[in-house]
Amino acid sequence: VPSSASFPDIAGHADARAFLGRLAREGRLPHALLLAGPEGIGKSLLARALARGKLCPAESPEGCGSCASCRAFEAGGHSDFLLLDPPGPTIPIAAIRGGEAEGGERGKGESPGPSVRLPGLVEWIGRKASGPRGKCAFVRDAERMNVFAQNALLKTLEEPPGDSLLLLTATSAGALLETVLSRCLCLRLRPLPVEEVERFLLARGGIAAADARSAARVSEGSIGEALACLPGEARRMRDLAEGRLAGEAGGPLREEVFGSLGGKSTAADRRALARTFLRSAGLAVRERWRAVVAAGGEGSYVPRGDPTQSLEDLLASTARALRDLEANVEPGLLIDLFAIDVARACRPSHPSATA
Ligand SMILES: [Zn+2]
């Protein structure tokens, strides 16, 4: 098997994939690995593939995909894998060092008690693995750890217990302490070349060659961004936003927004689509607001209560959602919250009321 065939599900990064594949096959993967590079270029996808391979008894670099371990991993329920990716802009030190859960009390001795204390990554990784291949923890967007949280991780980075693997991703290695960097193997992933993004879009199908080329050109090497700015996708988002504002019923908004991603989406893909949707919704709300103001509070669109006020609330809610999105709040959660705000502000238009 040529080494370049490692991690076939991941676009680009041929050198990094080949290098990591070789280390994994030779059983020489380091115990701590940092993947650094801009958002949306596949760092998490690569980290997850490494984790799956680490835990798979078949010992293929990215996991065989069909054994009990790989299936548990894909289903999100592998007991030897810990994903540390809390919503929000910071990773609390309790998530690393262990600590009190909100409102809980410290359990005395062995009294288990209902979720009183977070074990934290350090304690979790120190416990015995349940499978034969050790344990793996993945700290996503590790630059969200403050100095104290990073320091709490140092000892584990230096001497990982047992046969464990610690994976970190970060948008920039420079955002982490020198002491953390010196204990990790650091791989910098570059944005994908335009041609590679274009090839990925064409292979995905259903896209005109010219659209794939222009989307790739403005994507800055991120497949998530490229998907979000495909003309068909932008149009779909605009229609979706318009429809919801007009009070059209539909399935859960989150499923419709992320519908084009299929099963294998990353948080960066979802973030890019959520951004496109929220921007479209913001534009649509502003147009309506302008029309309602011009018509002295009337329009084909009849929000509850004071229409101008409802639309201004909705504009504020859109802006807040876009801010939270950039602060790493889970995109699906933001779409759910936005759907609630829209439902609160809008109802179907009643032609008789606007005559
Ligand atoms: Zn497997």
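The values are calculated or read from the model by the stated rules, or taken from the named source; none is laboratory data. Keep in mind that this is a model prediction, so the values were computed, not measured. Ideal geometry is used to build each Cβ from the backbone, glycine not excepted, and the neighbour counts take in all protein chains shown.
Just a few scattered comments:
- Some residue of the range 19-27 being of a type in the set (D, E, K, R), within 16 Å of the ligand (Cβ to nearest atom) and surrounded by fewer than 21 Cβ atoms within 10 Å (Cβ to Cβ): yes
- Residue count for the range 30-59, restricted to those that are surrounded by fewer than 18 Cβ atoms within 10 Å (Cβ to Cβ) and out of contact with any Pro (no Cβ under 8 Å at 6 or more places or on another chain): 3
- Per-region count, the range 1-50, residues over 25 Å from Pro331 (Cβ atoms), assigned to a loop (DSSP other than H, G, I, E, B), among the aliphatic types (A, V, I, L, M) and touching a residue at least 60 places away in the same chain (Cβ under 8 Å): 1
- Listing of helices (runs of 4 or more DSSP H) fully contained in the range 206-267 that carry 1 or more residues being surrounded by fewer than 18 Cβ atoms within 10 Å (Cβ to Cβ): 209-217, 231-245, 253-257
- Across the range 73-97, the number of residues qualifying as within 13 Å of the ligand (Cβ to nearest atom) and crowded, with 17+ Cβ neighbours inside 10 Å comes to 4.
- Lys155, sole failed condition from (1) surrounded by fewer than 16 Cβ atoms within 10 Å (Cβ to Cβ); (2) among the charged types (D, E, K, R); (3) at positive phi: (3)
- Residues (of a type in the set (Gly, Ala, Ser), at pLDDT 80 or above and closer than 27 Å to Ala327 by Cβ) located in the range 222-271: Ala226, Ala241, Gly259
- Residue pairs meeting the criteria (Cβ under 6 Å; at least 6 apart or on separate chains; first more than 6 Å from the ligand (Cβ to nearest atom), in the range 51-72; second among the aliphatic types (A, V, I, L, M) and outside any helix (DSSP H, G or I)): Lys54/Leu165
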